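One structure is given below, encoded as structure tokens.
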Amino acid sequence: MKHSPRQLSDAKAFGKVAVLYGGSSSERAISLKSGAAVLASLQKSSVDAVGIDAGRDVVAHLVAENIERCFIALHGRGGEDGTLQGALEVAGIPYTGSGVLASALAMDKWRAKTICEARGIPTPASRCLDSEEVLPAVAEVLGFPLAIKPIHEGSSIGVARVDSLEEMQLAWHAARELDSAVLAERWVEGTEYTVALLDGEALPVIRLEMRGAFYDYHAKYDDDAGTRYHCPSGLSAAEEEAMQQLALEAADTLAMAGWGRADFFRDANGQNWFLELNTTPGMTAHSLVPMAARVAGMDFDRLVWRLLESSL
């Protein structure tokens, strides 16, 4: 991937930029860190940028501040699910990342998987759990182990691996505390990978290694010693290209624009299984998109610049 040098003299072309972070989702703490890193980078690059903690009055705040475009660093519901994107569309304020459709679809794990599966993208078998009564039948069809997931949460919040109906019931109740929609997904025994996407291109694949059964919230943000990231991934060139192609197909299927990240499991037979697409990935010190960008020869400041350029 070739990256043109950043022209600091072009910073004025962006006008006054608001970095939107915080919000009220369960991922607020991570969003604050992402937003702070992005804001510092933009200001370092001479962009007229301010940070705004996005509350319910965010659009009125943007208008009052004469904001000309937004860098969205919000994660989860209310910032990554299309609602904010729709409000910015109505207000006529350009923003980074995907539009309303892609944001809404990608945030809904069940519908995203269903649509991608229809296009032939391999994804683990799953069922939507709309009541406790369906759990035994779903367990019978899918078998154990299973992943139980709140459908509209990110950062692996509320996700649990279960190996019995009793564990499944407990996990379902816990997930229902976070979301009215819960997904049961067949567990894939294998290795986790992620593919960062930027402007229609796939960045180098990252292989994830952690202490626990999967890349959960603790492994993502707290376990510095126990979580390892391998980039290069250790896959052959052909294997890496195949996973990147699947990531691009998933992004195209869900109408993703600008940037994002697709997550996969790879089983012992070498089969890649698509899990989900993130349309506003993290931009913290632990985040995977900046990590892949560095391997591709792009430092954090240039990455942030490129993302903001996508709003022009």
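The values are calculated or read from the model by the stated rules, or taken from the named source; none is laboratory data. Computed from a predicted model, the values in this text were never measured in an experiment. Here the Cβ positions follow ideal geometry from the backbone for every residue, glycine too, while neighbour counts run over all protein chains shown.
The set of residues in the range 110-130 being more than 18 Å from Asn278 (Cβ to Cβ) and either among the aromatic types (Phe, Trp, Tyr) or assigned to a loop (DSSP other than H, G, I, E, B) (or both) consists of Arg119, Gly120, Pro122, Ala125, Asp130. A residue that is of a type in the set (Ser, Thr, Tyr) and within 21 Å of Gly154 (Cβ to Cβ) occurs nowhere in the range 35-49. When restricted to residues that are more than 19 Å from Arg77 (Cβ to Cβ) and among the β-branched types (Val, Ile, Thr), the range 129-168 contains 4.
Candidates Glu239, Glu249: the one that is surrounded by fewer than 23 Cβ atoms within 10 Å (Cβ to Cβ), free of Cβ contacts under 8 Å to residues at least 40 places away in the same chain and charged (D, E, K, R) is Glu239.
Residues that are assigned to a helix (DSSP H, G or I) and either at pLDDT below 95 or not assigned by TED's automatic domain parsing to the domain that holds Phe71 (or both) occur in the range 252-264; there is at least one. When Leu307 is tested against (1) in the same structural domain as Cys231 (by TED's automatic domain parsing); (2) modelled with pLDDT of 95 or more; (3) of a type outside the set (S, T, N, Q), just one condition goes unmet, and that condition is (1).
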